[in-house]
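Just below is one structure, and these are the notes that go with it.
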Amino acid sequence: MTGPSAETKMQFLFALRSHGVTDTRVLKAMEEIDRGRFITGLFAERSYEDTPLPIACGQTISQPSIVGRMTQALQLSPRDKVLEVGTGSGYQAAILSRLARRVYTVDRHARLVREANEVFQSLGLVNITAMTADGSHGLPEQAPFDRILVTAAAEDPPGPLLAQLKIGGIMVVPVGQSDAVQTLIRVRRGENGFDYDELLPVRFVPLLEGLGRDG
Ligand code: SAH
């Protein structure tokens, strides 16, 4: 496995910066984690384009600049325990794992979790735990979390996820109808409630109830 050429890598990082990824720690993590490891088949050769691509189970790996913007919106600290809802390819979780203490990531498709786990192992990313679960209920046995990232669109921030956020915690979630442009929002939990701010327009697959039907 050779990874991208120096020139391809430079273009990838340039695209990230020009699309608003400015946090140097996030850029470093995205330089270190090879996106090509999370994409198989026909689309692998497009791994370093700033574009979403199809993965198994009819899902998508997000656009790299959106991965970067979501990661920097979380304002991670190295001590954080993070929950990601929507493992997909595992790429976003891998980026989070370089910037946080512990990452829990769940997907409703068992196949995606299995394949992501294989990549995490081969990259030696030992602080990620990936599980098959309906993440709209959060992960009560590991709650509360310092940070929560949802990478599928909900009509509203799911109540169980708000409840599993620590005081002082941050959640980033795309909200809106699944077939329309959605808004990425950041929720901060304070002593006296939640503050919301709108970050940018995005397009994600929907957050669905229950588990996917695959092996
Ligand atoms: N973060 C991923 C991209 C996620 S695509 C990456 O880096 O590649 C969105 C994912 O959310 C899909 O894999 C889909 O199966 C998952 N998903 C949708 N609804 C879910 C739910 N209720 N619980 C867990 N995962 C869900």
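The values are calculated or read from the model by the stated rules, or taken from the named source; none is laboratory data. Not measured: the values here are computed from a predicted model. Note that we place each Cβ from the backbone using ideal geometry, even for glycine, and neighbour counts take in every protein chain shown. Areas reflect the complete protein model, heavy atoms only, side chains present, ligands, DNA and RNA absent. Shrake-Rupley method; radii C 1.70, N 1.55, O 1.52, S 1.80 Å.
Pick from the range 90-137 the residues that are charged (D, E, K, R) and not in a helix (DSSP H, G or I): which of them is surrounded by the fewest Cβ atoms within 10 Å (Cβ to Cβ)? Please lay out each step first, then the result.
As a first pass, look at the range 90-137 and keep what is charged (D, E, K, R): 98, 101-102, 107-108, 111, 114-115, 118, 134.
The next check asks that each one be not in a helix (DSSP H, G or I); those that pass are 98, 101-102, 107-108, 134.
On the way: ARG98: 19, ARG101: 14, ARG102: 17, ASP107: 30, ARG108: 25, ASP134: 16.
Among those residues, the one meeting the criterion is ARG101.
Give the residue that is farthest from VAL175 (Cα to Cα), with candidates limited to residues of the range 189-199 that are open to solvent by 90 Å² or more (accessible area, probe 1.4 Å) and in a strand (DSSP E or B). Please lay out each step first, then the result.
Taking the range 189-199 and keeping what is open to solvent by 90 Å² or more (accessible area, probe 1.4 Å), we get 191-192, 195-196, 198.
Now restrict to residues that are in a strand (DSSP E or B): 195-196, 198.
Working: ASP195: 15, TYR196: 12, GLU198: 10 Å.
Out of the qualifying residues, it is ASP195.
Taking the range 164-188 only, how many residues are within 16 Å of the ligand (Cβ to nearest atom) and not in a strand (DSSP E or B)?
Taking the range 164-188 first, the residues within 16 Å of the ligand (Cβ to nearest atom) are 164, 171-179, 182, 184.
Then drop every residue that is not not in a strand (DSSP E or B), which leaves 164, 176-179.
Total meeting the criteria: 5.
Scanning the range 1-54 for residues that are within 15 Å of GLN92 (Cβ to Cβ) and either in contact with a strand residue (DSSP E or B) (Cβ under 9 Å, 6 or more places away or on another chain) or of a type in the set (Phe, Trp, Tyr) (or both) gives ARG35, PHE38, ILE39, SER47, PRO52, LEU53. If you check ILE148, ILE128 for being under 17 Å from GLN75 (Cβ atoms) and touching a residue at least 12 places away in the same chain (Cβ under 8 Å), only one passes: ILE148.
Count, please, the residues in the range 3-17 that happen to be on the phi < 0 side of the Ramachandran plot and open to solvent by less than 70 Å² (accessible area, probe 1.4 Å). Walk me through how you get there before you give the answer.
Kept after step one, since they are on the phi < 0 side of the Ramachandran plot, are these residues of the range 3-17: 4-17.
From what is left, the residues that are open to solvent by less than 70 Å² (accessible area, probe 1.4 Å) are 4-5, 8, 12-13, 15-16.
Residues that pass the stated criteria total 7.
Remark: pairs (first residue in the range 27-47, within 14 Å of ALA15 (Cα to Cα); second residue open to solvent by 70 Å² or more (accessible area, probe 1.4 Å) and in a helix (DSSP H, G or I); Cβ separation under 8 Å; 6+ apart in sequence or on different chains) = LEU27/ARG17; GLU31/LYS9.
Of all residues in the range 78-112, which are more than 9 Å from the ligand (Cβ to nearest atom) and of a type outside the set (Lys, Arg)?
To start, the set of residues in the range 78-112 that are more than 9 Å from the ligand (Cβ to nearest atom) comprises 78-83, 96-104, 110-111.
Listed by number, the residues that qualify are PRO78, ASP80, VAL82, LEU83, LEU96, SER97, LEU99, ALA100, VAL103, TYR104, ALA110.
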